[in-house]
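Colleague: I am attaching a structure below and will ask some questions about it afterwards.
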Amino acid sequence: MSRRALVAVAGVLGLAGASVAHLAGSVTAGELALLAAGIVVGELLVLRLEDGSAVPLSFAVMIVLAASFEPNEYVITVLAAELTVFVLRTGARDRFTAEMLVARVAVAAATLGAYRGMQQLLDGRETVAATLATLGAVALAQLAVDLVARAVLRLGHSWTPRGRLAWLAVASSGMLMAIGLRGVDGRGDVGIWGPLLFSTPLLAAWYAFERLDAATRAYRQTIESLAMAPEFGGLVIPGHAQRVASLVVRLGEELGLPRKEIEDLEMAALLHHLGQVTLDDPEVSGRPDPQEVAGVTGRMLREIRPLAAAGDIVSGEADEPRRRLAVQVLRVASDFDDLTASGGTPWLDAIEALRSAPGFAYERRVLAALERVVSRSAGS
Amino acid sequence: MVSWVGAEVPGFLASSVTSAIAYTGSYALVFLGVSHMTARGRFSDLFRATAPSLVQQVPFAVLGFFIGRLYLELGAGVMLLIVVPILIAREMFASYLRVKEAHDETVKMLIQALEKKDRYTSGHSERVAKYAQYIGEEMHFGPARMERLRFAALMHDIGKLVVPNHLLNKPGKLTEDEFRRIRIHEQVSVQMLSNIEFLAPIAGAAHSDNTRFVPDDPKRPIEPYIVMIADAYDAMTSTRAYRKALPQEVAFQELRDKAGVQFHPDCVEALIRAIERRGERHGAGYEEHQEFEDAPEAGVGSAGLGDLLTSEA
């Protein structure tokens with residue numbers, strides 16, 4: 001079943017369960033049915049981040065449940081909902097893995113523990129400030145445990161720029177939804193309508209995250225696809241652009257370059273041979289001079305605002321020291337790939353060849369980083 | 001202060017929904033009335049264009065009433081909790097628009113730069129995208145579908161990047177072997193478009209095997225047909241290495257003659273309707289580039305259609 005269909009089914013089942021419970025006279029059971037559906041929906045609708053990981057909206061529903069229900073009700077509802085998601089989504093494209101289930105259970109336990117702990121600490125005081133402090137502490141506990149669980153279970157790190165905003169949106173919405181359901185000292189509570197209505201800004205944020213993710217992927221795939229043109233034309237060895245791109249990212253990280261510079265460097269690596277397709281054919285005028293290819297490609301990219309920085313890196317025209325380093329990184333990575341992939345030179349010999357290039361052509365710092373990066377991936 | 005527990009909440013909800021609808025309704029009347037008087041568009045068009053966003057206002061208006069109650073009961077501190085996700089949604093949407101703009105600019109400029117490879121077809125992809133959009137508009141495509149159609153049209157010839165320059169610019173007829181080498185560009189185009197997730201379903205638009213009209217095949221997306229007709233129309237109305245541009249009337253006639261055989265008839269009529277309504281003129285005498293005086297007159301008729309579609313040999 002598609003994600004959209006699952007969301008619809010979860011919503012309908014939640015409403016049906018709530019209606020049955022209501023008719024049978026149990027308001028609590030009805031609310032729990034709706035919130036369980038909320039967790040399932042919250043696992044299907046996630047805020048996608050740069051690195052492919054995601055922050056689920058279900059964390060907001062956990063805050064609501066912890067703040068308004070008894071611990072046993074909380075445990076049963078959360079576990080039932082998360083297990084349902086696990087069973088439904090194990091085979092699907094967006095897999096909900098066993099590791100993710102473990103991470104969610106840890107976050108759920110932290111949510112309940114933090115809420116109960118704060119209640120004891122504040123001696124059950126019911127003021128607006130005390131409630132906000134309690135719910136804020138719960139959200140922080142969720143974040144801390146989630147980060148640790150992701151690190152331990154290798155689920156990708158969510159502490160990216162987008163990840164911080166995602167967490168903030170989920171946390172603040174969860175707090176507001178909880179206040180809507182339970183109120184503060186008998187004031188402000190609107191029952192189950194609270195979480196339903198106050199989730200709308202979070203759903204708007206989810207929509208914006210989805211659009212951004214789709215647009216980012218489309219842009220990236222377009223660049224990657226264009227990057228393959230010189231390969232299809234038989235002008236470079238297959239996979240060259242992709243390999244160099246992944247190598248420059250690792251080198252950039254190793255050398256401590258800023259994130260934006262690494263992104264530009266990656267674009268530069270993907271497209272650094274593209275201009276070659278506009279030059280005269282090798283079969284007519286011989287193999288083109290690498291300097292000429294870099295010049296043509298660089299000029300072409302510099303005309304395009306979003307790729308202007310990548311154009312500077314490709315053409316090798318750089319004034320700032322940081323940009324000069326990026327230029328070096330691209331040259332080293334590209335020449336290393338030429339030696340190892342098409343020349344078949346073993347990587348240690350290739351680094352040695354670059355080191356002994358005439359006239360100190362390559363910066364030592366970059367070569368040292370290359371040796372560390374390549375030996376690490378050769379070892380693993 | 002009133003307690004909201006129990007039966008009072010549905011009552012408050014009902015009154016908020018009623019008020020929200022009344023608010024949105026009166027806003028819509030004033031907005032549409034003023035726009036109609038100032039913009040002088042048809043009222044039904046205006047209504048169709050704004051109705052979705054007006055409907056979206058209703059839930060937010062209801063939310064507004066509940067936030068108001070919350071403010072009265074719990075004070076301003078709680079308001080921060082609702083402002084934060086709204087600001088984040090706004091920020092993410094702004095980022096989305098920035099990425100979309102960058103994508104747009106990148107594709108447009110790169111195609112422009114790469115088209116210089118073939119001096120006869122500069123500006124071709126953008127014109128094909130324009131004609132494809134004309135057809136999409138006539139067929140009432142939604143924004144997402146239109147976007148996909150536009151990118152597919154812009155990139156339909158992307159595989160030409162792998163064809164050697166001297167073949168692309170060869171005046172006159174190609175040999176069988178040269179023709180075969182040029183045909184590879186279609187497969188490469190399809191492969192390159194298939195790698196882009198949102199274009200993959202209509203990647204066939206770049207291959208002539210998928211764009212020849214097959215009646216009664218509802219499973220086929222219509223976009224490849226649209227791109228093919230836009231491509232053919234631009235090919236006929238601009239000068240190529242192998243022949244001069246045809247007059248617009250001849251191009252229209254050619255499209256109509258082959259409608260139902262080679263071209264999707266609805267798309268043909270949509271394109272002609274859209275161009276005639278705009279009063280645009282293309283083809284011989286109206287070309288953007290007049291400098292290709294040396295092109296032969298040969299190839300009149302369908303032989304030169306769709307740029308390299310069929311062998312003249």
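Colleague: So for the protein assembly as shown, what are the equivalent ellipsoid semi-axes in whole Å, largest first, each being the square root of 5 times an eigenvalue of the Cα gyration tensor?
Modeller: Working through the eigenvalues yields semi-axes of 54, 37, 21 Å.
Colleague: Using alpha carbons only, how many degrees (0 to 90, rounded to 10) separate the axis of helix A:27-44 from the longest principal axis of chain A?
Modeller: Approximately 0 degrees, to the nearest ten.
Colleague: Same structure again: Could you tell me the calculated FRET efficiency between B:T18 and A:R154, based on Cβ-Cβ distance and R0 = 45 angstrom, to the nearest 0.05? Intermediate results must be reported in sequence, preceding the final value.
Modeller: Numbers: r = 53 Å, r/R0 = 1.17.
Computed FRET efficiency for B:T18 and A:R154: 0.30.
Colleague: In whole Hz, what ³J(HN,Hα) sequence does the stretch B:10-19 give by Karplus (6.51, -1.76, 1.60; θ = phi - 60°), x for Gly and Pro?
Modeller: The phi angles translate into x, x, 5, 4, 4, 5, 5, 4, 4, 5 Hz.
Colleague: Another question about this same structure. Would you please name the chymotrypsin sites (Phe, Trp or Tyr not before Pro) within the stretch A:159-201 that are DSSP coil residues with at most 16 other C-beta atoms within 10 Å of their C-beta?
Modeller: A:W159
Colleague: What residue among B:A94, A:Q221, A:G38 has its Cα farthest toward the positive end of the dipole of the protein assembly as shown, where the charges are +1 on Lys, Arg and -1 on Asp, Glu, each on the Cβ?
Modeller: After comparing all options, I get A:G38.
Colleague: Another question about this same structure. Which trypsin sites (Lys or Arg not before Pro) in the stretch B:12-97 pass both tests, a DSSP loop state and at most 15 other beta-carbon atoms within 10 Å?
Modeller: Working: sites: B:R40, B:R42, B:R48, B:R69, B:R90; in loops: B:R40, B:R42.
Taking the stretch B:12-97 and a limit of 15 other Cβ atoms within 10 Å, the loop trypsin sites (Lys or Arg not before Pro) found are B:R40, B:R42.
Colleague: Say each of B:L97 and A:R220 gets a label point 7 Å from the Cα, pointing the same way as Cα to Cβ; how far apart are those two points in nm?
Modeller: For the pair B:L97/A:R220, the computed spacing is 2.4 nm.
Colleague: Helix A:200-227 versus the longest principal axis of chain A: what angle, 0 to 90°, nearest 10, using Cα atoms?
Modeller: Compared with the principal axis, the helix lies near 20 degrees.
Colleague: Report the per residue volume, in Å³, of the convex hull enclosing the C-alpha atoms of chain A. The partial results should precede the final answer.
Modeller: On the way: hull volume 66.0 nm³, N = 380.
Convex hull of Cα atoms, per residue: 174 Å³.
Colleague: Could you pull out every residue, at least 5 positions away or on a different chain, whose amide H is within less than 5 Å of the one on B:F263? Hs are placed 1.01 Å off N in the peptide plane, and Pro or chain starts have none.
Modeller: B:F213
Colleague: Sticking with this structure for a sec: What ³J(HN,Hα) values, in whole Hz, does the Karplus curve 6.51 cos²θ - 1.76 cosθ + 1.60 give for the stretch A:299-316 when θ = phi - 60°, with x put for Gly and Pro?
Modeller: These are the phi-based 3J(HN,Hα) values: 4, 5, 5, 5, 6, 9, 3, x, 10, 4, 5, 4, x, 4, 5, 5, 6, x Hz.
Colleague: Okay, next question. Can you sort A:S26, A:S173, A:S315, B:S26 so the residue with the fewest Cβ neighbours within 10 Å comes first?
Modeller: Values: A:S26 13, A:S173 31, A:S315 22, B:S26 10.
Sorted ascending by nearby Cβ count, the order is B:S26, A:S26, A:S315, A:S173.
Colleague: I've got another one for you. In angstroms, what radius of gyration and Dmax does the stretch A:266-376 have, counting Cα atoms only?
Modeller: Using the Cα atoms of the stretch A:266-376, the pair Rg, Dmax is 14.7, 43 Å.
Colleague: List the relative contact order of the stretch A:1-123 as a percent without decimals, with contacts defined as Cα pairs under 8 Å and 6+ residues apart.
Modeller: 19 percent
Colleague: Would you mind checking the tilt of helix A:3-23 against the longest principal axis of the Cα atoms of chain A, expressed as 0 to 90 degrees and rounded to 10?
Modeller: Here the helix axis deviates by roughly 10 degrees.
Colleague: Shifting gears a bit: Search the structure for amide H atoms under 5 Å from the amide H of B:R240, placed 1.01 Å from N in the peptide plane, and list their residues when 5 or more places away or on another chain.
Modeller: Residues meeting the criterion, in which the H sits 1.01 Å from N, are B:A245.
Colleague: Continuing with this model, one more query. So for the stretch A:3-214, Kirkwood radius off the Cα pairs, Stokes-Einstein at 25 °C and 0.890 mPa s: how many µm² s⁻¹?
Modeller: The diffusion coefficient I find is 143 µm²/s.
We did not get these values from a lab; they are worked out from the coordinates using the rules stated. Note that the structure is a prediction, hence the values are computed from the model and not measured. Counting neighbours? That spans all protein chains shown, and the Cβs are built from the backbone with ideal geometry, glycine included.
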